[in-house]
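Since the structure comes first, as structure tokens, the remarks are kept for the end.
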Amino acid sequence: MIPVCEPTLRGNELKYVIECVKSGWISSSGRFIKEFEEKFSSYCKVPYGISCSNGTAALHLAIESMGIGHGDEVIIPTFTMIASCNAVIYSGAKPVLVDSEFGTWNIDIGKIEEKITKKTKAIMVVHTYGHPVDMDKLKKISSKYDLPIIEDAAEAHGAEYKGKKTGSLGDIACFSFYGNKILVSGEGGMVVTSNKKWAENARKLRNHYFGEPRFLHQKIGYNYRMTNIQAAIGLAQLERVEELVSARRKNAQIYNRMLRNTKGITAPPEAEWAKNVYWMYGILVQREFGLGKKELVAHLEKSGVETRNFFIGMHKQPAYKGADKRFPNIGGKYPCSDELEEKGFYLPSSSHLTKEQIRFIVDCIKLKSVKNEK
């Protein structure tokens with residue numbers, strides 16, 4: 001089975017983990033945490049980095065560090081992983097859903113203004129599957145209504161908008177280092193920002209909001225700390241970030257070239273102003289292919305190729321059925337999100353995927369296409 005995604009651990013990961021074990025610094029203190037925070041935020045071209053236990057925690061910390069809470073609203077795309085939506089709910093605020101666009105698979109910026117109310121406190125964008133959002137258009141709305149921008153960059157390490165890296169495009173950004181991301185630490189997350197006050201708040205919130213004296217707490221905080229072992233793995237990954245990003249992009253180029261003339265298969269987008277890092281190489285199966293997504297996925301699985309379906313929109317989530325005022329309004333029409341869900345799935349996307357593996361995967365797709373035409 002060719003896995004849909006697995007970590008590429010071919011640097012100093014083991015060396016640094018052994019150092020943690022030998023030194024005894026295996027919990028939430030140690031040299032790797034500070035170094036990882038400083039070097040990752042520097043990579044993103046922002047001054048502050050706050051490590052934490054996972055990407056969901058990073059989103060929650062970012063939202064609460066900004067002072068967003070009960071009675072507030074945060075605009076988010078409906079086409080996203082549920083962590084984006086849940087993090088808003090954790091803070092006591094309400095997610096307000098916006099459909100995506102076919103051009104980038106990101107939030108439809110043209111539909112944001114109609115969702116803004118007096119309760120809106122921020123706009124959260126997701127750089128979906130590694131493709132950055134069109135930030136110039138978004139910033140016009142952000143400036144007009146004086147709304148900060150939260151970047152959910154969990155899938156977009158190293159992606160760029162007009163030469164600027166994700167993490168530096170909005171007011172505060174969040175990354176994940178889960179085992180299937182471009183940079184991994186097993187579990188782990190990071191908040192990056194240029195806002196000193198928000199950075200200080202996030203740093204305190206992740207550690208029970210300890211104060212002076214130590215066991216006097218001015219606010220309710222959380223146990224969202226990253227361990228030194230996780231940071232050690234993350235730092236080793238960061239040392240090879242350009243190699244890992246380049247590998248994702250190279251694999252996408254090979255996929256694009258081999259699938260170019262396959263009728264009914266839509267490749268992932270890359271706008272002229274964007275550097276897509278192709279966290280996952282996703283395709284859409286159109287009617288012209290001759291059979292549906294489910295049939296193609298089943299064929300690939302039988303052939304030894306693992307896949308994953310695209311996100312199911314937040315407007316369809318059973319978890320949000322109920323009277324809780326924090327829940328988004330589910331139902332409604334979100335045609336782009338629905339079509340992406342219906343037609344889209346990921347092909348294997350690991351950074352160390354080989355050209356031979358990609359050729360095998362594409363041959364499996366083309367074989368099914370040819371058989372169907374006959």
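Residues in region 323-361 that are of a type in the set (V, I, T) and buried (at least 20 other Cβ atoms within 10 Å of the Cβ): I358, I361. Say whether the condition of being of a type in the set (G, A, S) and more than 27 Å from T78 (Cα to Cα) is met by at least one residue in region 332-350. For region 332-350, residues of a type in the set (G, A, S) and more than 27 Å from T78 (Cα to Cα): absent. If you check H315 against the conditions, is it part of a helix (DSSP H, G or I), over 25 Å from R249 (Cβ atoms) and under 20 Å from the mean Cα position of the chain (by Cα)? So H315 passes the test. For region 297-305, the condition of being crowded, with 16+ Cβ neighbours inside 10 Å and within 23 Å of the chain's Cα centre (by Cα) holds for none of the residues. Restricted to region 91-146, and to residues there that are within 21 Å of the chain's Cα centre (by Cα) and of a type in the set (K, R), the residue that is surrounded by the fewest Cβ atoms within 10 Å (Cβ to Cβ) is K137. Within region 135-170, restricting attention to residues that are part of a strand (DSSP E or B) and of a type in the set (K, R), the residue that is nearest to P348 (Cα to Cα) is K165. Please determine whether any residue of region 260-268 is surrounded by 18 or more Cβ atoms within 10 Å (Cβ to Cβ), free of Cβ contacts under 8 Å to residues at least 60 places away in the same chain and touching a helix residue (DSSP H, G or I) at 6+ places or on another chain (Cβ under 6 Å). Checked region 260-268: no residue is surrounded by 18 or more Cβ atoms within 10 Å (Cβ to Cβ), free of Cβ contacts under 8 Å to residues at least 60 places away in the same chain and touching a helix residue (DSSP H, G or I) at 6+ places or on another chain (Cβ under 6 Å).
Of all the residues in region 290-327, those that are modelled with pLDDT of 95 or more and touching a Gly at 6+ places or on another chain (Cβ under 7 Å) number 3.
Residues of region 180-212 that are surrounded by 24 or more Cβ atoms within 10 Å (Cβ to Cβ), over 26 Å from V277 (Cα atoms) and not aliphatic (A, V, I, L, M): R206 alone. Only one entry of E155, E160, E212 meets the criterion of being under 13 Å from the mean Cα position of the chain (by Cα) and over 15 Å from S28 (Cα atoms), and that entry is E155.
Of the residues making up region 2-16, those that are closer than 19 Å to E239 by Cβ, touching a helix residue (DSSP H, G or I) at 6+ places or on another chain (Cβ under 7 Å) and crowded, with 19+ Cβ neighbours inside 10 Å are T8, E13, Y16.
How many residues are surrounded by 19 or more Cβ atoms within 10 Å (Cβ to Cβ) and either closer than 30 Å to V362 by Cα or of a type in the set (S, T, Y) (or both) when one looks only at region 29-60? Qualifying residue count for the region: 6. Listed by position, the helices (runs of 4 or more DSSP H) contained in region 171-285 that have at least 2 residues being polar (S, T, N, Q) and either closer than 27 Å to G344 by Cα or at pLDDT 95 or above (or both) are 228-238, 241-259.
The values are calculated or read from the model by the stated rules, or taken from the named source; none is laboratory data. Note that the coordinates shown come from a computational prediction; the quantities given were computed from them, not determined experimentally. In this analysis, Cβ positions are derived from the backbone assuming ideal geometry, glycine residues included, and neighbour counts consider all displayed protein chains.
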